[in-house]
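Here's the structure, in structure tokens; my notes come after.
The values are calculated or read from the model by the stated rules, or taken from the named source; none is laboratory data. Just so it is clear, the structure is predicted and the values come from calculations on it, not from any experiment. Every residue, glycine as well, gets a Cβ built from its backbone with ideal geometry; the counts of neighbours run over all protein chains shown.
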Amino acid sequence: MPALVLLHALVVLAGPEDDGVVGEHTEDQEHGAEPVGPPLTVARAREMTAGLREALDDVQRSVALLAARVRAAHAARVWAPLGYSSWESYCDAEFGISRAQTYRLLNVARALAAIHDAVAAGPGASRTRDTGPAAAAALDYGLSQRALIAVSGRTDVVAEVITRRLAALAHSGLQALDTATVRAVVRQAVRDVRTAPPPPADPPADPTVAALRAVVDDLAANTHAIGELMLEVAPAYLSDTDATNVLAPLCEAIGENLENGLAARRYALSGDRRALHGTVL
């Protein structure tokens, strides 16, 4: 598992308005134009498009398989018998990749595993009942890494929504649970969970604490929005070190502390407020 393979596997193929579907991108996001060649025939353009689609599908399956194998290695504590003190030191020494990159892969793997288990347990899903990394990666749901990372902390909710909707479809008998239908159910479930507001917490009895919590919630929401903007400048596949080089001029230009900008970017990637501890919060 060479470092470059891992690194390029972390490229998020979806754009800023990503709805969770791999490969959707807008023209105004292009970073440069290729030299214009001779005019293409319609047949050649369709052939090239088919090849590009096939390549994107191959990348998606490869990333899913890679993430599943990373998760298996982490669960087995593969670093211990090789003499490393931690998962982080193992990944750095063996592959030259950062802790943040490996944990993004783990989040992708956990989300895919939860989705696969929910589909496999559903009605009429005997084709997906095999287990193991290859089986979990075989069924392509067309989800971007950003979407999977976004729901990795709510996989129980995603699995429950998928299970309930597949059962309702099977019970109604109005639609066959073929691969296309299952894929659509999974994509919509991820989209719905991803965009749903977090469940309201019980308000503290002390009004001062309640007011302070509201301020912190607003600060976290604003920081997440800043983090999303930081991701547009320094995409998710960049390590913290590389992101620092990219974001330093931006943060200086807007008068933002670089450490806060990096923390906001980590928060947008993980959805975990602990990424803000010691900086924004």
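Please state which one of ALA150, ALA93, ALA136 is surrounded by 20 or more Cβ atoms within 10 Å (Cβ to Cβ), at negative phi and at pLDDT 70 or above.
After applying the criteria, what remains is ALA150.
Could you list, in sequence order, the residues of the stretch 99-133 that are at pLDDT below 60 and either of a type outside the set (Lys, Arg) or under 13 Å from LEU66 (Cα atoms) (or both)?
Step one: list which residues in the stretch 99-133 are at pLDDT below 60, which gives 124-133.
Hits for the stretch 99-133 are GLY124, ALA125, SER126, THR128, ASP130, THR131, GLY132, PRO133.
Out of everything in the stretch 250-272 that is outside any loop (DSSP other than H, G, I, E, B) and at pLDDT below 80, what residue ends up being surrounded by the fewest Cβ atoms within 10 Å (Cβ to Cβ)?
Restricting to residues being outside any loop (DSSP other than H, G, I, E, B) and at pLDDT below 80, the top hit is SER270.
Among residues belonging to the stretch 42-91 that are in contact (Cβ under 8 Å) with a residue 40 or more places away in the chain and not hydrophobic (A, V, I, L, M, F, W, C), point out the one that is farthest from ALA113 (Cα to Cα).
Checked the stretch 42-91; the qualifying residue farthest from ALA113 (Cα to Cα) is ASP57.
Of all residues in the stretch 52-78, which are under 14 Å from the mean Cα position of the chain (by Cα) and outside any helix (DSSP H, G or I)?
Within the stretch 52-78, none qualify.
Looking at this structure, is ALA72 within 29 Å of SER144 (Cβ to Cβ) and out of contact with any Pro (no Cβ under 8 Å at 6 or more places or on another chain)? Walk me through how you get there before you give the answer.
Details: within 29 Å of SER144 (Cβ to Cβ): yes; out of contact with any Pro (no Cβ under 8 Å at 6 or more places or on another chain): no.
No.
For the stretch 256-278, which residues satisfy the criterion of being touching a Gly at 6+ places or on another chain (Cβ under 7 Å) and either of a type outside the set (Gly, Ala, Ser) or farther than 16 Å from ALA225 by Cβ (or both)?
Hits for the stretch 256-278 are ARG265, TYR267, ASP272.
Residues of the stretch 219-240 being touching a helix residue (DSSP H, G or I) at 6+ places or on another chain (Cβ under 8 Å), in contact (Cβ under 8 Å) with a residue 60 or more places away in the chain and in a loop (DSSP other than H, G, I, E, B), which ones?
Selection gives ALA236, TYR237, SER239.
Determine which member of the set ARG99, ARG104 is among the basic types (Lys, Arg), surrounded by fewer than 17 Cβ atoms within 10 Å (Cβ to Cβ) and under 23 Å from THR155 (Cβ atoms).
The unique qualifying residue is ARG99.
I'm trying to understand the selection: among the residues of the stretch 235-281, which are within 24 Å of THR195 (Cα to Cα) and β-branched (Val, Ile, Thr)?
Across the stretch 235-281, the qualifying residue is only VAL280.
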